[in-house]
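Working notes, structure below.
Every read-out reported here was derived from the displayed coordinates using simple, explicitly stated rules and does not represent laboratory data. Predicted model, so just to flag it, every value in this text is computed and none were measured. Because the Cβ atoms are built from the backbone with ideal geometry, glycine has one as well, and the counts that use them run over all protein chains shown.
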Amino acid sequence: MRVLAFLVLLSAFFLLVGGPTRGQAPQSTPAPSAKEWHFVVSGDSRNCGDFIMPAIADGAARHQASFYWHLGDFRAMRAPDQDLQGELDRSGKIRRLDIDDYHVRAWDDFVEMQIAPFEKHGIPVFLGIGNHELIPPKDRLQYVERFAKWIGSPAIKEQRPEDSGSSRPPRTYYHWQQNGIDFISLDNASHDQFDPEQLRWFNRLLKQDANDPAVVAVVVGMHKALPDSISNWHSMAESQEGMRSGRCAYNSLVRLQRDSHKRVYVLASHSHFYMPDIYNTQFWRSSKNAQHTILPGWIVGTAGAVRYRLPEHSPSSAKTDVYGYLLATVNAGGVPGAINFEFKQVLKNKGDGEDFVSDDVKRMFSREAQDYCLNGNSDMSPAKVLPEAPEAPCPELQ
């Protein structure tokens with residue numbers, strides 16, 4: 001009788017504390033919510049971004065975006081941006097900006113004219129570094145100091161202890177997790193990247209994601225596209241180290257997708273047009289290292305920079321001579337980790353579409369700047385063709 005009483009009491013205890021009983025599965029990590037939500041991404045806002053970024057911010061607010069992600073190249077830096085000069089002309093300070101004065105003003109102008117519109121709507125901003133952020137006299141140290149608020153936000157800081165085992169100051173590459181998605185912002189702004197330290201960090205992070213049941217998808221953003229894309233001439237293939245390390249990063253993402261069956265998405269800018277399916281090339285279709293896997297990838301360098309001619313063999317849905325952004329719908333169709341990317345064009349006049357440059361914004365600039373940014377700002381020179389480099393092993397993967 002005592003044994004029977006003990007068993008009854010033990011069974012009641014398990015029921016009260018939620019412990020496993022006969023016929024009941026052990027508790028596990030709850031699945032991420034499948035509710036749809038949105039974020040917005042674009043890059044290359046130099047030249048005329050002061051016109052275009054406020055319209056992107058308005059579009060992000062209209063779509064209730066959780067955040068905006070800029071993929072780099074905030075200001076031209078080699079010469080004054082046409083929009084910034086137009087602001088001075090409109091204000092009555094009609095003079096050509098001295099290059100030294102411009103370098104002092106440029107990043108402040110980016111913050112005031114391009115980040116502030118998102119903050120006005122209460123939309124968090126994440127920043128990626130582009131090659132124009134490293135044009136002398138600027139460098140990575142100055143970049144980290146000026147943009148520490150955005151590359152060292154609470155969402156990013158809370159990830160650092162698990163990355164390195166210790167607290168670190170802001171750096172130019174980082175990640176943050178949101179609603180089951182790991183967002184990874186990489187630094188390939190110079191020809192020496194990805195360096196071994198960043199690549200080791202990246203591979204370690206992907207291994208964590210593969211083993212974390214709370215992570216259902218990984219979105220990787222960077223300035224330059226990984227090598228061997230349709231836009232290979234303007235990508236990490238611009239240098240031998242970029243070619244090698246970029247291919248290694250691609251292979252790491254393929255391994256994550258293959259082994260963990262988690263969804264992977266790769267975003268870039270650098271080329272000033274919109275293009276989906278950028279890795280559907282002969283190289284990746286035949287690559288033995290990547291198991292002939294085509295990762296889903298997009299280029300969206302359409303936030304204000306001088307617009308480029310599309311390369312040969314571009315998808316029919318690619319666009320140039322346009323401004324705009326990618327609207328991402330996460331958990332599309334109620335499928336956890338499924339992300340649908342849709343290009344949203346910013347037009348120059350109200351009535352042409354949903355997103356447009358407002359009259360209030362236009363009035364901030366001279367007529368000359370308006371005409372250039374809204375009716376010109378393009379360079380349709382033919383794209384270069386780079387020779388294909390042979391595949392090589394990735395020691396970081398071994």
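Can you tell me, using C-alpha contacts under 8 Å and at least 6 residues apart, the relative contact order of the chain as a whole percent? Please report the intermediate quantities before stating the final value.
Numbers: 803 pairs, mean separation 81.9, N = 398.
This gives 21 percent for the chain.
With the chain treated as a Gaussian network of Cα nodes joined by springs under 10 Å, which of Ser366, Ser190, Ser286 yields the largest mean-square fluctuation?
Looking only at Ser366, Ser190, Ser286, the biggest GNM fluctuation is shown by Ser286.
With +1 on the Cβ of every Lys and Arg and -1 on the Cβ of every Asp and Glu, and nothing else charged, how large is the dipole of the stretch 37-382 about its Cα centre, in debye rounded to the nearest 20?
Using only the charged Cβ atoms, the result is roughly 620 debye.
For a footprinting-style exposure proxy, rank Leu226, Leu295 by other Cβ within 10 Å, fewest first.
Leu295, Leu226
Of Phe273, Asn349, His38, which is farthest along the charge dipole of the stretch 37-382 in the positive direction, counting Lys and Arg as +1 and Asp and Glu as -1 at C-beta?
With unit charges placed on the Cβ atoms, the residue in question is His38.
Quick check: from the Cα gyration tensor, does the stretch 220-295 come out rounded (a/c under 1.5), prolate or oblate?
prolate
Using a simple spin-label model with points 7 Å from Cα along the Cα→Cβ vector, what separation in nm is obtained for His292 and Asp259?
2.2 nm
Determine which lysines satisfy two conditions relative to Lys120: a Cα distance under 17 Å, and not lying fewer than 8 residues away in the same chain.
Lys149
What is the extension gain from Arg62 to Trp37, computed as 0.36 nm multiplied by their sequence separation minus the C-alpha to C-alpha distance, in nm to one decimal?
The span from Arg62 to Trp37 would gain 7.7 nm if fully extended.
Over the alpha carbons of the chain, what is the largest minus smallest coordinate on each principal axis, giving the biggest first in Å?
Cα extents, longest axis first: 99, 49, 41 Å.
Does the stretch 255-358 classify as rounded, prolate or oblate by the C-alpha gyration tensor (a ≥ b ≥ c root eigenvalues; a/c under 1.5 gives rounded; else a/b over b/c gives prolate, otherwise oblate)?
Oblate, since a/c reaches 1.5 and b/c is not below a/b.
Over the chain, with a Gaussian network built from C-alpha contacts below 10 Å, which listed residue (Leu127, Leu256, Leu88) shows the highest mean-square fluctuation?
Sorting by GNM fluctuation, first place goes to Leu88.
Considering only DSSP beta bridges with both partners in the chain, what is the antiparallel share in %, to the nearest 5?
If we restrict to bridges inside the chain, about 50 percent are antiparallel.
Sorted from fewest to most neighbouring beta carbons within 10 Å, what does the list Tyr325, Tyr68 look like?
Tyr68, Tyr325
Given the options Lys120, Lys319, Lys262, which has the most mean-square fluctuation in a GNM of the chain, springs set between C-alpha atoms less than 10 angstrom apart?
Lys120
If R0 is 51 Å, what FRET efficiency do you get for Asp139 and Phe283 from their C-beta distance, rounded to 0.05?
The calculated FRET efficiency here is 0.95.
Could you put Arg96, Arg263 in order, starting from the residue whose Cβ has the fewest other Cβ atoms within 10 Å?
The order, fewest Cβ neighbours first, is Arg96, Arg263.
Show me the ranking of peptides 41-48, 138-145, 235-242 by mean Cβ neighbours inside 10 Å, starting with the highest.
Taking the mean over residues of other Cβ atoms within 10 Å, the ranking is 41-48, 235-242, 138-145.
Which one, Gln142, Ser314, Ala55, projects farthest toward the positive side of the charge dipole computed for the stretch 37-382 from Cβ point charges (K/R +1, D/E -1)?
Sorting the options by dipole projection puts first Ser314.
Under the 0.36 nm per residue contour assumption, what length would be gained going from the current alpha-carbon distance of Ala332 and Lys149 to full extension?
62.8 nm
For every helix of n ≥ 4 consecutive DSSP H residues, a contribution of -39,500 (n - 2.57) applies; sum these over the chain, divide by its total residues, and give [θ] at 222 nm rounded to the nearest 500 deg cm²/dmol.
It lands at -9500 deg cm²/dmol.
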